[in-house]
1. Examine segment 388-405 for a residue that is touching a Pro at 6+ places or on another chain (Cβ under 8 Å) and loosely packed, with under 14 Cβ neighbours inside 10 Å, and state whether such a residue exists.
2. Output the residues belonging to segment 350-393 that are of a type in the set (Lys, Arg) and farther than 16 Å from ARG331 by Cα.
3. Among (1) closer than 14 Å to VAL115 by Cβ; (2) surrounded by fewer than 18 Cβ atoms within 10 Å (Cβ to Cβ); (3) charged (D, E, K, R), there is one condition GLU82 misses while meeting the rest; what is its number?
4. Could you check LEU122 against (1) surrounded by fewer than 13 Cβ atoms within 10 Å (Cβ to Cβ); (2) more than 39 Å from the chain's Cα centre (by Cα); (3) outside any strand (DSSP E or B) and say which number it fails?
5. Within segment 368-394, track down each residue that is out of contact with any Phe, Trp or Tyr (no Cβ under 9 Å at 6 or more places or on another chain) and among the polar types (S, T, N, Q).
6. Counting just the residues of segment 50-69 that are of a type in the set (A, V, I, L, M) and out of contact with any Lys or Arg (no Cβ under 9 Å at 6 or more places or on another chain), which one comes out nearest to GLY143 (Cα to Cα)?
7. Here are ALA326, ALA396, ALA369: which of them is without any contact (Cβ under 8 Å) to a residue 24 or more places away in the chain, touching a strand residue (DSSP E or B) at 6+ places or on another chain (Cβ under 9 Å) and not in a strand (DSSP E or B)?
8. Only one of (1) farther than 30 Å from PHE349 by Cβ; (2) surrounded by fewer than 17 Cβ atoms within 10 Å (Cβ to Cβ) is not met by ARG7, so which one is it?
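The values are calculated or read from the model by the stated rules, or taken from the named source; none is laboratory data. Given the structure is predicted, the values throughout are model-derived calculations rather than measurements. Here the Cβ positions follow ideal geometry from the backbone for every residue, glycine too, while neighbour counts run over all protein chains shown.
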Amino acid sequence: MADFPTRIDYARALEIVQRVAGARRPGSERVAIQRVDGRVLAQAVTAQFPLPRFDNSRMDGFAVRSADLAADAPTTLTLAGEQFAGPDAGLVLQAGQCARITTGAPLPGGADAVVMKELVQLQGDQVTVPPGILAGNDIRRAGEDVQAGQQVLHAGQVLTPARVSLAAALGHAELAIQPCPTVAVFSTGDELAEPGTALKPGQIYDSNRALLMGLLRQLGLEPVAWPRLPDDPQRVEMALRDAAGAFDVVITAGGVSAGEKDLLPGLLQAHGQVHFWKVKIKPGMPVLFGTLEQALLLGLPGNPVSVLATFLVLGRPLLDALQGRAEPRPRLTARLACAWNKSHERLEFLRGRLRCSEDGVLLVEPNPAQASHQLRGAADSDALIVLEAGARAYPAGAPVPVLPY
């Protein structure tokens, strides 16, 4: 009897991954704002001052006093000066005066409205303003975007360009960021050869390493590809323990099933800790998760489609939890573009392509090539279709959860 969970439901496997990874999350680091794009915020950002910081003009035009303006006829004012965006010139408007102003410039004292440049008539220092201009016209009020003391960004949020821009507008030169985990990548098996080299009988090119490296780079990480592991117990142990002593995460492809050359489950039981082995999903049931030395080890099956699916549904949540990401990845609901018959009991992740119908309905088309070795079908798809546990027939138009790649 195994002393670790095995053949467990996906929901339980996901909970274990997120709990174990969350408990190992390191402390934050301060990073210059120019280098935080795509990172996870570790500490909330609170506005120390309002945005805008001062009342300012929304248009290029003329700042006026609304009390001077007639409601039903044009009003002619005297130009008293100008205020451009930049340092406050200290202008104060008196009765019957106006000032030239540009977008973003602070309002002169006494002004409470701005008239767009194209609406006035200018002759020398005389400015004629049309009727109907009210107090507050074309003015941005201090604090109408952000109030002082307001929390504008939260720990666990991913720093998009717009969020980085907001932090910069509030004067932050650095932000507290969750460190990116270091990741070592291994592919395993004597059958693998480097793309571009001559194949011997029985060999195949290693596609899993390229797949994993690309998936990790898409997450903003900088993975390190280690040499492929042969089917040799001593060499596998030495390489994995070496990497596990230096990296936060070790991800492998292959060697996790129950065959004579599937060495990783035994290695992890002997030298580390197994958190679970085998999850009731398709593809990817033999997936292995544990701890070796200082690293978390995620052992993915060897078929490339299984690598893709298990990385997206377990590897990506593992790395998100290590970084304290609080925002869930996109999970959509789409309607099946065709009927699909599910004949087995496991939770299944089909490969499919999303599209939108002419009447605005999100559809997903399962790829007909769904075997775990059929990489072409995965390459022609852009999402995983989630089919719940249990055998059932899905009619065309049935709503299903969808996980974009």
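1. Applying the first criterion (touching a Pro at 6+ places or on another chain (Cβ under 8 Å)) to segment 388-405 yields 403-404.
Narrowing further to those that are loosely packed, with under 14 Cβ neighbours inside 10 Å: 404.
Yes.
2. To start, the set of residues in segment 350-393 that are of a type in the set (Lys, Arg) comprises 351, 353, 355, 376, 392.
Those that are of a type in the set (Lys, Arg) and farther than 16 Å from ARG331 by Cα: ARG376, ARG392.
3. Of (1) closer than 14 Å to VAL115 by Cβ; (2) surrounded by fewer than 18 Cβ atoms within 10 Å (Cβ to Cβ); (3) charged (D, E, K, R), only one is false for GLU82: (1).
4. (3)
5. Residues satisfying the conditions are GLN370, SER372, GLN374.
6. Initial filter on segment 50-69 (of a type in the set (A, V, I, L, M)): 51, 59, 63-64, 67, 69.
Checking which are out of contact with any Lys or Arg (no Cβ under 9 Å at 6 or more places or on another chain) leaves us with 51, 64, 67, 69.
Numbers: LEU51: 5, VAL64: 21, ALA67: 24, LEU69: 27 Å.
Only one residue fits best here, namely LEU51.
7. On the way: ALA326 fails: without any contact (Cβ under 8 Å) to a residue 24 or more places away in the chain; ALA396 fails: without any contact (Cβ under 8 Å) to a residue 24 or more places away in the chain.
Result of the check over ALA326, ALA396, ALA369: ALA369.
8. So ARG7 meets the others, but not (1).
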